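Chemist: What follows is a single structure, and I will ask about it in a moment.
The values are calculated or read from the model by the stated rules, or taken from the named source; none is laboratory data. Treat the numbers as computed from the prediction; the structure is a model and nothing was measured. Every residue, glycine among them, receives a Cβ derived from its backbone with ideal geometry; neighbour counts consider all protein chains shown. In case anyone asks, the SASA skips ligands and DNA or RNA and just uses the protein heavy atoms, side chains included. Shrake-Rupley method; radii C 1.70, N 1.55, O 1.52, S 1.80 Å.
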Amino acid sequence: MTRKKTDSSPETSEYQLCLTEKQVVEAKVNKKLTSEEKIDLYRLMMRIRRFEERAVQSYQRGKIGGFCHTYIGQESVAVGTLSVLKKEDQAISAYRDHGQGLALGMNMNECMAELYGKWTGCSKGKGGSMHYFAPEKRFWGGHGIVGAQTPLGAGIAFALKYQGTQGVCLCYLGDGAVNQGAYHEALNLAALWELPVIFIIENNQYSMGTSQERSSAGNPLAKRAEGYGMRWAKAPGNDLATVRAYTGAALDYVRETSRPMILEFDTYRYRGHSMSDPDQTYRSKEEIAEYKKSSDPIDHYASILEKEKVLTAELKDTIDKEAKAEASDAADYAEESPFPPPEDIMKDIYWETDNPDHKTSEGTLFFNSLND
Amino acid sequence: MAVITYREALNQAMSEEMDRDERVFIMGEEVAQYHGAYKVTQGMLERFGPKRVIDTPISETGFSGIGIGAAMMGLRPIVEFMTWSFSYVAFDQIINNAANMRYMSGGLINVPIVFRGAANGGVNVGATHSHTPENFYANAPGLKVICPATAYDAKGLMKAAIRDNDPVCVLENTILYNDKGEVPEEDYTIPLGKADIKRPGKDITIVAHGRAVITALQAAEELKAEHGIEAELIDLRSIRPLDEETILESVKKTNRVLLVEENKPFCGVDAQIAFIIQDKAFDHLDAPIGRVSAIDAPQIYSMPLEKIQLPNTDRIKRAALKIL
Ligand SMILES: Cc1ncc(C[n+]2csc(CCOP(=O)(O)OP(=O)(O)O)c2C)c(N)n1
Ligand SMILES: [Mg+2]
């Protein structure tokens, strides 16, 4: 795609992609949506929300260990961006990964069981909340170290290009992660080598207890792209159609030029940074309440669909009930699933020890054992 | 004596040193306004102000390096890693710059800096967040590495670390932060490189560091109750410098030794200690040196399995009985 530039475009720099409201509405990814598809998108956001609310309950009951970062409030970003992907496109994210996992088609059972540390979890209980993986669904994780996924995203794009596909990698990061050195090295390499990757900054305005102003020089964050000669855009992330339009435009551009791009979506998380953050010092209750009231992505999309007469109150209710029931069933499934057997601690470390018929090396690989 | 938590002990150590010495300051993610992800710096921003208690972006390479640069100029920074697992993105700064600076400059420059934070498994945060890199950092000549296990040790060692003229890595433990212990009101330091006998005994020497000390202490009590065995427990406290003398003295007395650490076994701290013991006390050993460490796999998330992966009292007792 060549850059759409209309007279009414508020474009401020030659690197910035700006879509007018009209362009958002008329974007082909939005125009082509059937009523059914719209409902599906709504349902997906609701399923993510209800899944996470159920996970919060389970965490509070001590069923889930360690760190658990919820995505509540940000659903439109994962659903909007991932719903415009083509088959060959790929995605990778940070530790706040439940939304992306579900949006890419992971099921609630495997996701909930992973949180419970169960054998039936997507990573067999080895990764936990921060480390979801589903490569067959094009989801390359779930990464716990801030910024560490950004070179991987560029690497996935490298492979897509190398393999001669038209695929693009979506690589998610937070507004705090933009200050990791790894990210900047990844940006330079992606631009220099023309790698088909879109870095998606989910700007929920805080990195833990630190607001964007206190952690990042320069604004908008996506504009740092210009230093690398990259295109960028910044848009509201709570409006599903906007997210889809920008992602669609970015995908067209990246597919066409094999150049990377940065997309920044403004969004908001409702709960603490993780389940262990009491969230009482760095923002006010009013700020949270105000956002929920004025900008909740699910309510917002519901009201649009209601206006379009696509969604009725009755259907909305059904979707909600089904999502809750599905999440509750997933919790039961997780509860009833077994923990991995102790021997599993020693599996999945080296390819060759899991595939003893194809042993490729000699010598000792492990220096103690479960029975010591 | 006051009874305070390990967390408070660290806070007191840093605050008292900041009172003593204008050049000491602390920086790290969430250390100021949020009072630390684990609340170790509670109240320090209010007490010392934003010039000396500094919130950083998530830029470990950058702020570790800034700390090292400032230390070269004579300041005495304390750099907090939210956990040591995140120090891995700053590994180059710590090893290539902090550890090597004095040597490469032929002694013209020194780097009086403290890197600190928690380094532990056992809290179900999975492989990326459960690292215990005392062996990595102790492998670099130029660095000092300490692993306090009690509130008393945490305070005394931290103060010594801040006063030290070389870079010191202080590896704390989130599970120990709430542990309480007696800590004197008056100023004291514990010299780096001095181990502590946490439990005297005659039948076997157990050497441990960090939280493994607490687990081993429990195991030692159970060995006594269940088998009448008197284990002597040595808490290394400091990995480098290492108190070889205390270890060797004890081995000469008990003639049997069990090494316990929460780190993975290969190239771990206890591998070096085992070498030293066989090298310097070979004739005193009545049995092979025993060893308990984390099961040799990346840290598992699943809660009951992580309990199995880390040294626990059962594994320690079994290993002790094997060499008795
Ligand atoms: C290298 C590194 N440093 C610190 C942390 C601890 N940590 C985890 S998430 C986080 C905040 C990240 O904020 P942001 O990038 O805005 O993403 P968000 O959590 O808001 O989605 C921090 C400091 C980490 N995981 N990795
Ligand atoms: Mg954020």
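Chemist: Highest GNM mean-square fluctuation, chain A, Cα pairs closer than 10 Å: which of A:V310, A:V197, A:V254?
Modeler: A:V310
Chemist: Check cross-link reach from A:K87 to the lysines: straight Cα distance under 16 Å, and skip same-chain residues fewer than eight apart.
Modeler: Output for A:K87: A:K137, A:K161.
Chemist: On to the next question. Quick check for me: using +1 on Lys/Arg Cβ and -1 on Asp/Glu Cβ, what's the dipole size of the protein assembly as shown about its Cα centre, in debye to the nearest 20?
Modeler: For the protein assembly as shown, the charge dipole is close to 980 debye.
Chemist: Same structure again: At 1.4 Å probe size, with every protein chain present, just tell me what the per residue accessible area of the protein assembly as shown comes to in Å².
Modeler: Using a 1.4 Å probe on heavy atoms only, each residue of the protein assembly as shown averages 40 Å².
Chemist: Percent of accessible area on region B:196-323 owned by carbon and sulfur, 1.4 Å probe?
Modeler: About 54 percent, which is the carbon plus sulfur part of the accessible surface.
Chemist: If you bin the C-alpha pair distances of the protein assembly as shown every 10 Å from 0, what whole percents do you get?
Modeler: The percentages, shortest bin first, are 3, 14, 23, 24, 19, 11, 5, 1, 0.
Chemist: For region A:261-268, what does the Karplus curve 6.51 cos²θ - 1.76 cosθ + 1.60, with θ = phi - 60°, yield as ³J(HN,Hα) per residue in whole Hz, taken in order and with x for Gly and Pro?
Modeler: 8, 10, 10, 10, 10, 6, 8, 7
Chemist: Tally up the carbon and sulfur contribution to the accessible surface of region A:248-372 as a whole percent, 1.4 Å probe, everything protein left in place.
Modeler: About 50 percent, which is the carbon plus sulfur part of the accessible surface.
Chemist: In addition: Please compute the average number of Cβ atoms from other chains found within 10 Å of each residue's Cβ in peptide B:115-125.
Modeler: 2
Chemist: Using a 1.4 Å probe over the heavy atoms of the protein chains, calculate the carbon and sulfur portion of the accessible area of region A:1-144 as a whole percent.
Modeler: Reported share for carbon and sulfur atoms: 50 percent.
Chemist: Here are some pairs, B:K159/B:K253; A:K63/A:K126; A:K86/A:K293; which of them have Cα atoms lying more than 23 Å apart in this structure?
Modeler: Distance filter (> 23 Å) returns B:K159/B:K253; A:K86/A:K293.
Chemist: Using a Cα-Cα cut-off of under 16 Å, which lysines could be cross-linked to A:K234, ignoring same-chain neighbours fewer than 8 residues away?
Modeler: List returned: A:K4, A:K5, A:K223.
Chemist: By how many nm would the segment from B:F91 to B:L321 grow when fully extended, if each residue of separation counts as 0.36 nm and the alpha-carbon distance is taken off?
Modeler: Length difference between fully extended and current span is 78.9 nm.
Chemist: What is the sum of charges around B:A151, taking Lys and Arg as +1, Asp and Glu as -1, for the other residues whose C-beta is under 14 Å from the C-beta of B:A151?
Modeler: Charge balance in the 14 Å sphere: -1.
Chemist: Put +1 on the Cβ of each Lys and Arg and -1 on the Cβ of each Asp and Glu in region A:113-213; which of A:G153, A:A134, A:C171 then has its Cα farthest toward the positive end of the dipole?
Modeler: Toward the positive end, the furthest listed residue is A:A134.
Chemist: Relative contact order of region B:76-139, please, whole-number percent, based on alpha carbon pairs below 8 angstrom and at least 6 residues apart. Before the final figure, lay out each step's value.
Modeler: Numbers: 64 pairs, mean separation 29.0, N = 64.
Rounded, it is 45 percent for region B:76-139.
Chemist: Based on the Cα gyration tensor of region A:21-337, what are the three equivalent ellipsoid semi-axes, each the root of five times an eigenvalue, rounded to whole Å and given largest first?
Modeler: Working from the Cα gyration tensor, I get semi-axes of 28, 23, 20 Å.
Chemist: Let me ask something else. Would you work out the charge dipole size for region A:271-318 about its Cα centre, treating the Cβ of every Lys and Arg as +1 and the Cβ of every Asp and Glu as -1, and quote it to the nearest 20 debye? Present the calculation step by step, with values, prior to reporting the outcome.
Modeler: Numbers: 8 positive and 11 negative charges, 7 e Å.
Computed charge dipole of region A:271-318: roughly 40 debye.
Chemist: After finding the eigenvalues of the alpha carbon gyration tensor for region B:1-81, what semi-axes result from the square roots of 5 times each, listed largest first in whole Å?
Modeler: Details: eigenvalues 87, 45, 23 Å².
Equivalent ellipsoid of region B:1-81: 21, 15, 11 Å, largest first.
Chemist: Hey, another quick one. Output the residues of region A:337-355 meeting this criterion: accessible area (heavy atoms, 1.4 Å probe) in the chain alone minus accessible area with all protein chains in place is 40 Å² or greater.
Modeler: A:F339, A:I345
Chemist: Also, quick follow-up: In straight Cα distance, which lysines are under 16 Å from A:K359, not counting same-chain residues fewer than 8 positions off?
Modeler: Within the straight-line cut-off, A:K359 pairs with A:K347.
Chemist: In addition: For a bin width of 10 Å, list the pair-distance distribution of region B:2-183 built from all Cα-Cα distances, rounded to whole %.
Modeler: Binned Cα distances yield the sequence 10, 41, 38, 10, 0.
Chemist: Pick from A:E53, A:E306, A:E110: which is most flexible by mean-square fluctuation in a GNM of chain A where alpha carbon atoms under 10 Å apart are linked?
Modeler: Among A:E53, A:E306, A:E110, the largest mean-square fluctuation in the Gaussian network model of chain A belongs to A:E306.
Chemist: In addition: In deg cm²/dmol and to the nearest 500, what is the mean residue ellipticity at 222 nm of chain B if only DSSP H runs of at least 4 residues count, each as -39500 (n - 2.57), divided by the residue total?
Modeler: -10500 deg cm²/dmol
Chemist: Return the percentage of antiparallel bridges among DSSP beta bridges fully within region B:2-183, rounded to the nearest 5 %.
Modeler: Of those bridges, close to 15 percent are antiparallel.
Chemist: Pop out a list of residues from region B:259-276 that are at least 10 Å² less accessible with all the protein chains around than in their chain alone; 1.4 Å probe, no ligands or nucleic acids counted.
Modeler: B:P265, B:F266
Chemist: Per-residue mean of other chain beta-carbon atoms within 10 angstrom of the beta-carbon, peptide B:52-59? Kindly include the intermediate steps, with their values, before the conclusion.
Modeler: Details: counts 0, 0, 0, 4, 4, 11, 15, 8.
Average per residue, whole number: 5.
Chemist: Based solely on its DSSP helices, what 222 nm [θ] is calculated for chain A when runs of n ≥ 4 H residues each add -39,500 (n - 2.57) and the sum is averaged over all residues, nearest 500 deg cm²/dmol? Numbers along the way, then the final one.
Modeler: Working: 14 runs with 156 residues, N = 372.
Rounded to the nearest 500, it is -12500 deg cm²/dmol.
Chemist: Treat every Asp and Glu Cβ in chain B as -1 and every Lys and Arg Cβ as +1, leave all other atoms uncharged, and give the resulting dipole magnitude about the Cα centre to the nearest 20 debye. Write down the numbers at each step before the final one.
Modeler: Working: 34 positive and 44 negative charges, 58 e Å.
Result for chain B is approximately 280 debye, rounded to the nearest 20.
Chemist: How big is the A-B contact in terms of buried accessible area, both chains counted, 1.4 Å probe, rounded to the nearest 100 Å²? Display every interim value, and only then the final one.
Modeler: Details: alone 17510 and 13680 Å², together 27890 Å².
The A and B chains share an interface burying roughly 3300 Å².
Chemist: While we're on this one: Of the options A:G80, A:G65, A:Y42, report the single residue whose Cα projects farthest towards the positive end of the charge dipole of region A:38-85 (beta-carbon charges: Lys, Arg +1; Asp, Glu -1).
Modeler: Toward the positive end, the furthest listed residue is A:G65.
Chemist: Using Cα centres only, tell me the gap between region B:260-324 and region B:134-158 in whole Å.
Modeler: 19
Chemist: Sticking with this one: Summarise the partner chain shielding of A:174-181 as one whole number: the mean count of Cβ atoms from other chains within 10 Å of each residue's Cβ.
Modeler: Mean shielding by partner chains, rounded to a whole number: 4.
Chemist: Right, next: Taking the alpha-carbon set of chain B, what are its Rg and Dmax in Å?
Modeler: 19.4, 58
Chemist: Antiparallel versus total DSSP beta bridges in the protein assembly as shown: what percent is that, nearest 5?
Modeler: 20
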